[in-house]
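Presented below is the structure to which this report refers.
The values are calculated or read from the model by the stated rules, or taken from the named source; none is laboratory data. Just so we're clear, the structure is a prediction, and the values are computed from it rather than from any experiment. Cβ placement follows ideal geometry from the backbone for every residue including glycine, while neighbour counts extend to all protein chains displayed.
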Ligand code: ACM
């Protein structure tokens, strides 16, 4: 009896066809039309299959190869699929695998699905069971927010995170680039931000920042894996790194001291100072110009020392700067207290407060991104014995991260306003990649399934069994992960 198919997130439609499996051999070849936008993806497919299968896989262009050749993984753009950029189909059988999608992004989803299907067969061969999978995502926004401000996350580590995101079909990497403890992105018009405010982190740990080239590298690395970057510049609070670099942002005209603690809510911009408007306009315009994606995040959370009117003025100024640069605005839940343009994305996070303004924003035309702290904040401890992480939103065991429904979590939210689901990982206590992945794995896989799979496709017991089979993959990558007692792990 073959093992069950164990893809995460659960695809819409999976059928075992009963044919013989496809066996990966030295002759296995990825075949693709020689279009520029497909070559990078074919190389990615060959690389991923080669690494899982333990041998190099070649890429060939369709015109040079016989379609009847055996051992072929064929990548192709087709129209005969459900609508949506990320819909895809995988058909595997002895000698041939077809990966089909409407767009290159869809092909990436097909490739990672194939990668998850590879299993070891009789005699240690690597093989793919004969299946037909047809699939498309429930939500268009399936994200992970990473706080690179409290502790800096170097490019090489973020690439590991992007790889994991792509593996679970997440498509938005939201970078929380600025906070009281550090400014992590070079901004051309305001060079002192990184010159004076990037070397610090929580607890006196070393800092760091991304140059324009680093950022472009991350954008490109994500793009080929179907992961786009949404940069967050958090204003008008969480700004001590900015007010430390530019004294003109403070009423005294003097820079604030650097900050390496973990309190929130004390720092702020000032609407009446002449330097504030140009600062917002220049910073958001530069960050937008570096970002090919359509969204820029303005933060807006936890401004505890400002009257509502001034807060609304500053949110409006930041939003106007983003829109002037041709981008759409995302902000944390608190911006729902201010007038918003329709189509603004409001990110729900604080499960402790009255959600009425958030619901009202949706009714007035905002789109809602669901990141409930008590389900999707992956820096929360798993249980009372977890050494890393915080617990203000409670413990989040794997099942808590899995068993929730984005469209009904907040009463009164119109289901069609929900644009998607985003996990978040805040790094006050997370100092390196092992600490980060220990919190992400296995919960990132759970959130990915909440975001991708239809509610009727989701089942905790079935997920438990599938996620157990991810452990060898994480081990092979050398990643640190949490062996939740809720799962019978395969090791
Ligand atoms: C947040 O957790 N302060 C958005």
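Quick rundown of the values:
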read-out	value
Cβ pairs under 9 Å, 6+ apart, first in the range 59-85 and closer than 24 Å to residue 23 by Cβ, second outside any loop (DSSP other than H, G, I, E, B) and modelled with pLDDT under 85	74/62; 76/62
Qualifying residue in the range 382-402 (condition: within 12 Å of the ligand (Cβ to nearest atom) and under 24 Å from residue 317 (Cα atoms))	no
Residue list for the range 408-428, filter: in contact with a strand residue (DSSP E or B) (Cβ under 7 Å, 6 or more places away or on another chain) and either without any contact (Cβ under 8 Å) to a residue 12 or more places away in the chain or within 14 Å of the ligand (Cβ to nearest atom) (or both)	422, 423, 424, 425, 426, 427, 428
Some residue of the range 241-249 being within 18 Å of residue 153 (Cα to Cα) and within 16 Å of the ligand (Cβ to nearest atom)	yes
Selected residue (only one of 356, 324 is over 24 Å from residue 292 (Cβ atoms), more than 16 Å from the ligand (Cβ to nearest atom), modelled with pLDDT of 95 or more and surrounded by fewer than 24 Cβ atoms within 10 Å (Cβ to Cβ))	356
Condition broken by residue 188, with the remaining ones in (1) assigned to a helix (DSSP H, G or I); (2) in contact (Cβ under 8 Å) with a residue 12 or more places away in the chain satisfied	(1)
Among (1) within 16 Å of the ligand (Cβ to nearest atom); (2) closer than 30 Å to residue 142 by Cβ - the single one residue 213 does not satisfy	(1)
Qualifying residue in the range 441-455 (condition: crowded, with 21+ Cβ neighbours inside 10 Å, farther than 30 Å from residue 343 by Cα and at pLDDT 95 or above)	yes
Residues satisfying the stated conditions in the range 297-314, i.e. touching a residue at least 12 places away in the same chain (Cβ under 8 Å) and more than 16 Å from the ligand (Cβ to nearest atom)	308, 310, 312, 313, 314
Single residue of 344, 338 found to be over 24 Å from the mean Cα position of the chain (by Cα) and either modelled with pLDDT of 95 or more or within 16 Å of the ligand (Cβ to nearest atom) (or both)	338
Condition broken by residue 489, with the remaining ones in (1) in contact (Cβ under 8 Å) with a residue 24 or more places away in the chain; (2) farther than 20 Å from residue 157 by Cα satisfied	(1)
Residue in the range 285-292 that is under 20 Å from residue 340 (Cα atoms), surrounded by 14 or more Cβ atoms within 10 Å (Cβ to Cβ) and within 16 Å of the ligand (Cβ to nearest atom) present	no
Residue 317 crowded, with 16+ Cβ neighbours inside 10 Å and either more than 16 Å from the ligand (Cβ to nearest atom) or assigned to a helix (DSSP H, G or I) (or both)	yes
Top-ranked residue in the range 334-349 [being free of Cβ contacts under 8 Å to residues at least 40 places away in the same chain and either in contact with a strand residue (DSSP E or B) (Cβ under 8 Å, 6 or more places away or on another chain) or over 17 Å from residue 300 (Cβ atoms) (or both); ranked as surrounded by the most Cβ atoms within 10 Å (Cβ to Cβ)]	335
Residues of the range 36-72 that turn out to be modelled with pLDDT under 75 and under 24 Å from the mean Cα position of the chain (by Cα), as a count	0
Subset of the range 231-248 (residues that are within 32 Å of the chain's Cα centre (by Cα) and outside any strand (DSSP E or B))	236, 238, 239, 240, 241, 242, 243, 244, 245, 246
The lone exception for residue 372 - which of (1) within 14 Å of the ligand (Cβ to nearest atom); (2) farther than 25 Å from residue 286 by Cα; (3) in contact (Cβ under 8 Å) with a residue 40 or more places away in the chain it fails	(3)
Qualifying residue in the range 214-226 (condition: farther than 28 Å from residue 317 by Cα and in a loop (DSSP other than H, G, I, E, B))	yes
Selection within the range 250-274 - within 28 Å of the chain's Cα centre (by Cα) and within 16 Å of the ligand (Cβ to nearest atom)	259, 261, 262, 263, 264, 265, 267, 268
For residue 377: the one exception among (1) away from the ligand (no atom under 15 Å from the Cβ); (2) buried (at least 16 other Cβ atoms within 10 Å of the Cβ); (3) within 26 Å of residue 407 (Cβ to Cβ)	(1)
